[in-house]
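J.: Structure provided below as structure tokens; questions to follow.
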């Protein structure tokens, strides 16, 4: 299965809450039990640990059904009880459950423009090892892919994970990726044009691989582990060398027909503006990306000015830096406001190079949202800075695989099909 589709998974694991136990007539009883087992596993992946009552509330299954399913999963070696802490007081705390870390592991890879980051985690989303290295990812695709494969071996060795236990790998690319994993931009990723990242990584890693763009996986990470936890409708805005958006609707990533939804940076904001790398004029990223911000400040602050220097200027209250970043925030906020008027999300989360560090950017975005979003829409939106920083994309790559029940099942969780098993066969 290529390019794992999270929406299909979440349709199975969360959608149509009214069809749990009454659906026995629509298929075999065992098929229904398997679906419900997957619901329990999905709940534990999302929460890390949970009591039987919490699982019942999250899945909509009865407490009796959950108890039966948990007993089954414990016998199959997939679920274990969390040791209770010694608590002085009245009453016994509920027993917490978690996925057995020994069941399997997943690999996450982030191909940033200038570096690689690779991590391995267990199925409860606990990162076991993580490494990064500088690399010219944009122009040297083959070398970057080879280096990523080498780093995968490093993190697996450090974590003590045998390859046979690896369920699959997820990868984030800093550019447009179609649904089949093909990279389509000659400008953003010139060394990757026409390359199918899924095929190339599958060949090198000998694992099932899912690939998506960095904004989508940043959104998935923040919703799964960060500032967007508990929100089902979110717009994640990634402000870096470009401006992209990951859109989560009803708990599912929205990728669009081509897989390229969220290209917020190519919304036109200046009719006669600068020519964008996409070929159009006045795109948002020509006025609000980190590259655009730095280009405005370098004539007066030095041609070597980078992100770190910009942060220092902002921390020091440099008037020009504050003005330029605030203006960029207002431009971004105006475009987001239009998107909010269409989608009415519960949250807007801002990440990327500037999103998590620049109060001035957030202030500009907030000002534009207040002005341009419909009042009733704005009242329902929480504007938050991302909390996962530069790790967001690699964590999202892990979540892409961990959150895909179909992928885990097809990769070899034989225990879900009736045979007792304590390992995952990759």
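The values are calculated or read from the model by the stated rules, or taken from the named source; none is laboratory data. On a predicted model such as this, the values are computed, not experimentally measured, just so you know. Glycine gets a Cβ as well: all are built from the backbone with ideal geometry, and neighbour counts include every protein chain shown.
J.: Could you list, ordered by first residue, the pairs with Cβ atoms under 6 Å in which the first is in the range 228-256 and surrounded by fewer than 24 Cβ atoms within 10 Å (Cβ to Cβ) and the second is in a loop (DSSP other than H, G, I, E, B) and at pLDDT 95 or above, at least 6 apart or interchain?
T.: The qualifying pairs are 231/346; 233/345; 233/346; 249/233.
J.: I'm trying to understand the selection: among the residues of the range 168-198, which are in a helix (DSSP H, G or I) and more than 21 Å from the chain's Cα centre (by Cα)?
T.: 190, 191, 192
J.: Suppose we filter 162, 153 for residues that are free of Cβ contacts under 8 Å to residues at least 12 places away in the same chain, within 28 Å of residue 182 (Cβ to Cβ) and outside the structural domain of residue 78 (by TED's automatic domain parsing); which single one remains?
T.: Working: 162 fails: within 28 Å of residue 182 (Cβ to Cβ).
The conditions single out 153.
J.: Tell me yes or no: at least one residue of the range 349-356 is modelled with pLDDT under 90 and not in a helix (DSSP H, G or I).
T.: yes
J.: Tally the residues that are assigned to a loop (DSSP other than H, G, I, E, B) and in contact with a strand residue (DSSP E or B) (Cβ under 6 Å, 6 or more places away or on another chain), restricting the search to the range 267-319. Walk me through how you get there before you give the answer.
T.: Residues of the range 267-319 that are assigned to a loop (DSSP other than H, G, I, E, B), as a first pass: 267, 269-274, 276-280, 282, 284, 289, 302-306, 316-318.
Of the ones still in play, those that are also in contact with a strand residue (DSSP E or B) (Cβ under 6 Å, 6 or more places away or on another chain) are 273, 276, 282, 284, 289.
Count: 5.
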